[in-house]
Amino acid sequence: MKDLLPFLQNLRALDMLDVLAVSFIVYRMLLIVQGTRAVQMLLGLGAMAMLWWVADIYELHALSWLLQLFFDYLFILIIVLFQDQIKSALAAFGGTKFLGKNSKSKLDQQIEEVVAACQALSRERTGALIVFEKSHGLLNYSLTGTRLDARVHSDVLYALFQTRSPLHDGAVIIFNGKIQSAGCFLPLSKSGEVERHFGTRHRAALGVTEVSDAVVVVVSEETGKVQICHEGIFQVAVDENALRKGLRQRLLQYERGQHEVAGVHS
């Protein structure tokens, strides 16, 4: 404790900032290499460092000399071995907001993936039903389908609605940034004012927006027309820009409201 006290007294704010900066860089690197072969290479380097330490203690001069040569060029080896991870780290670091670059929000990215999938499905006239869950929980409907918890990606959405897919008849529910479930059954609208040409997908989209604040995207199997349904009202998305704008208006407004509420409670 006596040795620690002088150290703490001489500790400056810049020293703390220095430690935090290094910790942040190491943390980001660990996140990037997590689950990749880079983890095995790091463990290998650690094992070689331990071997060098043992060789130095027991005076294994030949082995110690060989390992010292290896670690003299460690910096170059790290660049060669981890070049992909270093590129990813630099890209992630360059995309952070504190460097002045306004990167897209996660919701924006999800919208782009949904727009890309819907455009592809529309061209092929493949029916689709995609639900964005908001504040009203849809767990009772998610449980009727197959749980996925997958990242929102256009290729995944496109594959789910192919006629050969066992989940193509139901709805996909997106919640908390993920495809929560697919092949879900939604309540059909009981309104007597529903247009006669509406099929089951449109009635299901209308039905779920009548009992919740969800935003639903429907792709017609017959015409390829893309529509947004919210609060029991359909809006035709004539092109991908209209679909993108319609989703942003309904979803980003809700996201900002959630952040404001969280700020008030905090």
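Worth pointing out:
- A single entry from 175, 198 fulfils the requirement of being surrounded by 15 or more Cβ atoms within 10 Å (Cβ to Cβ), without any contact (Cβ under 8 Å) to a residue 12 or more places away in the chain, of a type in the set (A, V, I, L, M, F, W, C) and on the phi < 0 side of the Ramachandran plot: 198.
- Filtering 212, 165 for residues that are surrounded by fewer than 20 Cβ atoms within 10 Å (Cβ to Cβ) and at pLDDT 90 or above leaves a single hit, 165.
- If you check 40, 110, 68 for being assigned to a helix (DSSP H, G or I), modelled with pLDDT of 75 or more, assigned by TED's automatic domain parsing to the domain that holds residue 239 and among the polar types (S, T, N, Q), only one passes: 110.
- When we screen 199, 177 for residues that are modelled with pLDDT under 90, over 20 Å from the mean Cα position of the chain (by Cα) and not aromatic (Phe, Trp, Tyr), the only hit is 199.
Listed here are the residues, each with its yes/no results for (1) within 22 Å of residue 246 (Cα to Cα); (2) in a strand (DSSP E or B); (3) of a type outside the set (Ser, Thr, Tyr); (4) modelled with pLDDT under 90.
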residue: 131; (1), (2), (3), (4): yes, yes, yes, no
residue: 135; (1), (2), (3), (4): yes, no, no, yes
residue: 149; (1), (2), (3), (4): no, yes, yes, no
residue: 183; (1), (2), (3), (4): no, yes, yes, no
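- Of the listed requirements (1) hydrophobic (A, V, I, L, M, F, W, C); (2) in contact with a strand residue (DSSP E or B) (Cβ under 7 Å, 6 or more places away or on another chain); (3) more than 14 Å from residue 129 (Cβ to Cβ); (4) in contact (Cβ under 8 Å) with a residue 40 or more places away in the chain, residue 215 misses just one: (3).
- Selection within region 131-150: residues that are more than 11 Å from residue 175 (Cα to Cα) and β-branched (Val, Ile, Thr). The member of this set that is farthest from the chain's Cα centre (by Cα) is 144.
The values are calculated or read from the model by the stated rules, or taken from the named source; none is laboratory data. Since this is a predicted model, take the numbers as computed values, not measurements. A quick note on method: Cβ atoms are made from the backbone with ideal geometry, for glycine too, and the neighbour counts reach across all protein chains shown.
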